[in-house]
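We did not get these values from a lab; they are worked out from the coordinates using the rules stated. None of the values given here were measured: they were computed from a predicted structure. Every residue, glycine among them, receives a Cβ derived from its backbone with ideal geometry; neighbour counts consider all protein chains shown.
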Amino acid sequence: MSKINKCLFPAAGYGTRFLPATKAIPKEMLPVLTKPLLQYGVEEAIEAGIHTIAIVTGRGKRAIEDHFDISYELENQIQGTAKEEYLAQIRDVINKCTFSYTRQIEMKGLGHAILTGETLIGQEPFAVVLADDLCDNERDGVLMQMTKLYEKYRCSIVAVEEVPKEETNKYGVIAGDFIEDNLVRVNNMVEKPDPKDAPSNLAIIGRYILTPDIFDILRLTKPGKGGEIQITDALLEQAKNGKVLAYKFEGKRFDCGSVDGFVEATNYFYKKSK
Ligand code: G1P
């Protein structure tokens with residue numbers, strides 16, 4: 001199968017860096033301007049031609065399901081008024097996609113969250129979006145760039161960007177050989193290495209295309225960095241067979257998992273909206 005039809009959104013994390021805001025609200029629902037982070041991610045998937053949305057949630061995340069659903073009372077109330085247009089974009093998203101959910105019962109890391117999503121994905125290649133990495137590009141979105149690459153190479157692909165060496169301990173970091181200007185065949189990857197141990201300064205950001213054999217690998221993956229099951233470790237197994245590419249994407253990316261990145265994103269999208 002060459003086309004990517006499904007996108008998985010791991011959204012079970014606690015968002016502790018945004019407490020107290022995230023005490024009762026999922027971090028994926030925090031808005032940049034008037035739109036929740038997760039909706040930006042879903043719109044990026046739609047742009048890439050993906051309409052089957054799979055979300056791994058957890059306790060306290062019901063607001064996510066309500067967001068991607070009709071709110072009869074509210075819609076009835078504003079029907080026929082000028083305010084109706086405020087809901088036009090989310091209604092469009094709801095009309096274009098199907099949404100399915102599964103809960104991660106225990107927080108055992110990103111790899112474990114992705115494995116939890118297997119029941120929604122099945123045996124086909126799929127995209128993964130971490131909604132707190134907010135991406136924007138004037139032309140094709142990051143996921144669209146990656147799905148096009150997938151059609152050519154048919155293997156797992158991670159999006160990477162150069163980060164200052166002292167920040168490698170915040171990311172999965174890759175190394176390998178350039179096969180195109182912006183494309184590396186990965187031969188090593190390490191989760192959150194100390195700068196002195198980092199194999200490069202190319203950091204993975206929250207966009208992945210994964211082939212479905214990743215699920216069997218994840219089942220066998222032992223807890224790694226931080227005692228969690230890491231997607232980076234599972235991908236390293238695929239990389240040993242030359243089956244992982246790292247793509248230096250075109251566009252901007254904001255780390256909305258941090259207050260600084262969130263404020264930067266807000267300012268950027270505010271300026272863009274004027
Ligand atoms: C996760 C991954 C890491 C990746 C990052 C991108 O880390 O484990 O490899 O670089 O997402 O945002 P987290 O930010 O969840 O700690």
Out of 109, 80, 122, sole residue that is touching a Gly at 6+ places or on another chain (Cβ under 8 Å) and either within 28 Å of residue 251 (Cβ to Cβ) or more than 16 Å from the ligand (Cβ to nearest atom) (or both):
109
Subset of region 193-209, residues away from the ligand (no atom under 13 Å from the Cβ) and assigned to a strand (DSSP E or B), comes to 209
From the options 184, 173, 190, residue that is β-branched (Val, Ile, Thr), free of Cβ contacts under 8 Å to residues at least 40 places away in the same chain and not in a helix (DSSP H, G or I):
173
Scan region 158-181 residue by residue and report those that are within 20 Å of the chain's Cα centre (by Cα) and either farther than 19 Å from residue 226 by Cα or not hydrophobic (A, V, I, L, M, F, W, C) (or both).
158, 159, 160, 161, 162, 163, 167, 168, 169, 170, 171, 172
Which residue out of 230, 238 is within 18 Å of residue 152 (Cβ to Cβ) and polar (S, T, N, Q)?
238
Restricting to region 215-274, give me the number of residues that are touching an Asp or Glu at 6+ places or on another chain (Cβ under 9 Å), aromatic (Phe, Trp, Tyr) and farther than 16 Å from residue 128 by Cα.
4
Considering only residues that are touching a helix residue (DSSP H, G or I) at 6+ places or on another chain (Cβ under 8 Å) and either farther than 15 Å from residue 245 by Cα or of a type in the set (A, V, I, L, M) (or both), which ones fall in region 175-196?
183, 186, 189, 190, 191, 192, 193, 194, 195
Give the residue, chosen from 155, 97, that is away from the ligand (no atom under 16 Å from the Cβ), under 30 Å from residue 59 (Cα atoms), under 19 Å from the mean Cα position of the chain (by Cα) and surrounded by fewer than 22 Cβ atoms within 10 Å (Cβ to Cβ).
97
Residue selected from region 170-192 under the condition within 10 Å of the ligand (Cβ to nearest atom) and of a type outside the set (Phe, Trp, Tyr), by the criterion surrounded by the fewest Cβ atoms within 10 Å (Cβ to Cβ):
170
Hey, among 265, 234, 239, which residue is of a type in the set (A, V, I, L, M) and within 12 Å of the ligand (Cβ to nearest atom)?
234
